[in-house]
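Would you mind keeping the following structure in view while I ask a few things?
The values are calculated or read from the model by the stated rules, or taken from the named source; none is laboratory data. Everything numeric here is computed off the predicted structure, so don't read it as measured data. A quick note on method: Cβ atoms are made from the backbone with ideal geometry, for glycine too, and the neighbour counts reach across all protein chains shown. The accessibility values were calculated without ligands, DNA or RNA, using every heavy atom of the protein model including side chains. Shrake-Rupley method; radii C 1.70, N 1.55, O 1.52, S 1.80 Å.
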Amino acid sequence: KMKKLVLLLISALSLNLAFAQDIPEEVAEEQEVTVFMVVENMPIFSKDCLSESSDETIDCTNKKVQEYVSQVDYPQEAIYNDIEGKVYISFTVEKDGSIGDVMLLRGVDPLLDNAALDHIKNMPAFYKPGFERGKEVRVKYNIPIVFMLGGGYKPLTKKEMKQMRKDTRKKLRALKKQ
């Protein structure tokens, strides 16, 4: 019985190996449609972001994308109706650096949702696409676009956040003394 079981296992393995020769073509096709979230070399938004340090390049690209996103046109009708909120958009940097697969992940109101979608669809192509194992790949981004009345959205820097915490502690101590 043991010999039959071993022969059966060997037969099954040899069948798998015979079929495995066809797999590379299928894997190659799968890799073409794969979209990554993080890759060895992330896409670079503009030539200005080229740097020897990968962290500096990523930081610069994130900053440039934020700058672009902050220039979204606030729809007049949304302003009149006091509509504000955060719209989440997903897009893919394609192998040629162009923007594709722009989708609404979470919306606020059709006016703001459409403004955000249109803005991202018109985003300029990235200077360089993402690379994984030396090959150009598609990279997906998920970003929030904040629509806020009475001022634009500007994220706080680490220094500003530290100062804000320090000021808050100081005010709390002063209140406790009273």
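For region 98-111, state whether one or more residues are under 16 Å from the mean Cα position of the chain (by Cα), of a type outside the set (A, V, I, L, M, F, W, C), more than 20 Å from S46 (Cβ to Cβ) and open to solvent by 30 Å² or more (accessible area, probe 1.4 Å).
yes
If you check every pair at least six apart or on different chains, which have Cβ atoms under 6 Å apart with a residue in region 83-97 that is closer than 15 Å to D118 by Cα first and a residue that is open to solvent by 20 Å² or more (accessible area, probe 1.4 Å) and part of a loop (DSSP other than H, G, I, E, B) second?
From region 83-97, the pairs are V87/G107; V87/V108.
I've got another one for you. Under the condition of being part of a helix (DSSP H, G or I) and at pLDDT 80 or above, which residue from region 131-166 is nearest to the chain's Cα centre (by Cα)?
Within region 131-166, the match that is nearest to the chain's Cα centre (by Cα) is Q163.
Looking only at region 62-96, which residues are aromatic (F, W, Y) and either at pLDDT 90 or above or not in a helix (DSSP H, G or I) (or both)?
Of everything in region 62-96, those that are aromatic (F, W, Y) and either at pLDDT 90 or above or not in a helix (DSSP H, G or I) (or both) turn out to be Y68, Y74, Y88, F91.
I would also like to ask the following. E94 versus (1) open to solvent by less than 80 Å² (accessible area, probe 1.4 Å); (2) under 17 Å from the mean Cα position of the chain (by Cα); (3) over 17 Å from N142 (Cα atoms): which is the lone unmet condition?
Here E94 meets the rest and fails (3).
Quick check, is V139 touching a Gly at 6+ places or on another chain (Cβ under 7 Å) and farther than 21 Å from V72 by Cβ?
Against the criterion (touching a Gly at 6+ places or on another chain (Cβ under 7 Å) and farther than 21 Å from V72 by Cβ), V139 qualifies.
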